[in-house]
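Any read-out appearing in this document is the output of simple, stated calculations on the displayed coordinates, not a laboratory observation. Predicted, not measured: the structure shown is a model, and the values here were computed from it. Note that each Cβ is placed from the backbone with ideal geometry, even for glycine, and that neighbours are counted across all protein chains shown.
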Amino acid sequence: MYARNLEGRTGKPVVNQIEVSANSIKSFFSYGTLIAEYCGETNTLTLDETYYNYSVTTSKYLNQWFRNIGQCKEGAVYGDLQ
């Protein structure tokens, strides 16, 4: 398992935007809240229906995370990840 901060425009790590990877699952956290999970084995992207669109900052880094994992929110499953 590993965790890494997403990067801002300057290339420096952003403190409250984190990706956690374990086996085939990648999770995106914004300010300590689980926002999305991607399972590579099943090619399933799940967005938390309450928090995925919580703020401009969360949306900005969630979109960056989508690009990083090669996915987009079209076709995602919405559910409770908390």
Top-ranked residue in region 16-40 [being more than 12 Å from residue 6 (Cβ to Cβ), free of Cβ contacts under 8 Å to residues at least 40 places away in the same chain and not small (Gly, Ala, Ser); ranked as surrounded by the most Cβ atoms within 10 Å (Cβ to Cβ)]: 38
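Return the residues of region 55-82 that are aromatic (Phe, Trp, Tyr) and surrounded by 15 or more Cβ atoms within 10 Å (Cβ to Cβ); say none if nothing qualifies. Before you say what the answer is, go through the steps one by one.
Step one: of region 55-82, the residues aromatic (Phe, Trp, Tyr) are 61, 65-66, 78.
Scanning region 55-82 gives 61, 65, 66.
Do any strands (runs of 3 or more DSSP E) lying entirely in region 1-62 carry at least 3 residues that are over 15 Å from residue 73 (Cβ atoms) and not hydrophobic (A, V, I, L, M, F, W, C), and which ones are they? Break it down stepwise before answering.
Numbers: elements: 2-7, 13-22, 25-30, 33-39, 44-48.
It comes to 2-7, 13-22.
So, in region 48-74, exactly how many residues are farther than 13 Å from residue 29 by Cβ and not polar (S, T, N, Q)? Full working, then the answer.
Here is the first cut: in region 48-74, the ones farther than 13 Å from residue 29 by Cβ are 49-50, 53, 55-56, 59-60, 63-64, 66-74.
Filter once more, keeping what is not polar (S, T, N, Q): 49, 56, 60, 66-67, 69-70, 72-74.
Qualifying residue count, region 48-74: 10.
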